[in-house]
Amino acid sequence: MINDLLEMAEVESDNFEPEFELVEITQLLNETKEMMMPAALEKRLSFDADYSSANLFVQTDKTRLQHVLLNLLTNAIKFTEKGKIEIGYKAVYYQRKLGIEIFVSDTGIGMSEEFKRKIFQEFAHEDGFSEINPTSTGLGMVIVKRIVEKLGGEITFESSKGRGSEFFIRLPLRVNKL
């Protein structure tokens with residue numbers, strides 16, 4: 001809880017400055033997937049990757065973006081009892097320019113309509129989630145949203161109770177021309 005509160009204060013601070021660098025998305029997603037694979041395997045979940053094309057680069061803060069992805073994947077694994085987790089990306093138009101959409105999806109328990117309306121609010125919890133996630137502060141998704149916005153992007157999602165969730169992060173893109 002203390003870590004979430006400290007991180008929230010940092011993200012809200014005027015001193016929060018992302019350290020932008022050119023990041024190869026396939027490599028970042030592979031590294032992130034490898035970090036989360038043991039947790040998925042422990043629950044006997046399938047963990048797939050869908051990379052639409054190679055050599056896509058984005059100007060972003062690699063550490064912060066990976067933190068966002070780790071948070072989304074942790075939630076996906078935590079709230080999925082059977083089925084699969086998937087991570088991937090594709091090129092899209094974002095803010096009238098070429099962009100990238102990174103997604104994290106699961107076949108987990110999904111969210112109620114009520115919770116979907118407040119998921120990005122501080123201290124929000126889904127009814128019944130405290131049994132699955134008793135240490136949750138309700139700040140994780142708020143932090144994720146604020147980091148993505150500081151990176152110049154947006155986060156959206158789709159979810160159905162009992163069918164899972166899919167989160168989409170859209171960021172400006174730079175293409176590496178070989």
**Prompt:** Is it true that some residue in the stretch 32-45 is surrounded by fewer than 14 Cβ atoms within 10 Å (Cβ to Cβ) and touching a strand residue (DSSP E or B) at 6+ places or on another chain (Cβ under 8 Å)?
**Reply:** yes
**Message:** Cβ-Cβ under 9 Å, sequence separation 6+ or interchain: first residue in the stretch 144-169 and under 19 Å from Gly99 (Cα atoms), partner part of a helix (DSSP H, G or I) and of a type in the set (Gly, Ala, Ser). Which pairs?
**Reply:** Phe167/Ala76
**Request:** Collect the residues in the stretch 65-120 that are at pLDDT 95 or above and among the acidic types (Asp, Glu), keeping them in residue-number order.
**Result:** Glu86, Asp106
**Message:** List the residue pairs whose Cβ atoms are under 6 Å apart, where the first residue sits in the stretch 22-45 and is without any contact (Cβ under 8 Å) to a residue 40 or more places away in the chain, the second is in a helix (DSSP H, G or I) and not aromatic (Phe, Trp, Tyr), and the two are 6 or more positions apart or on different chains.
**Reply:** Ala39/Ile77
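The values are calculated or read from the model by the stated rules, or taken from the named source; none is laboratory data. Here the structure is a predicted model, which means the values were calculated and not measured. Note that each Cβ is placed from the backbone with ideal geometry, even for glycine, and that neighbours are counted across all protein chains shown.
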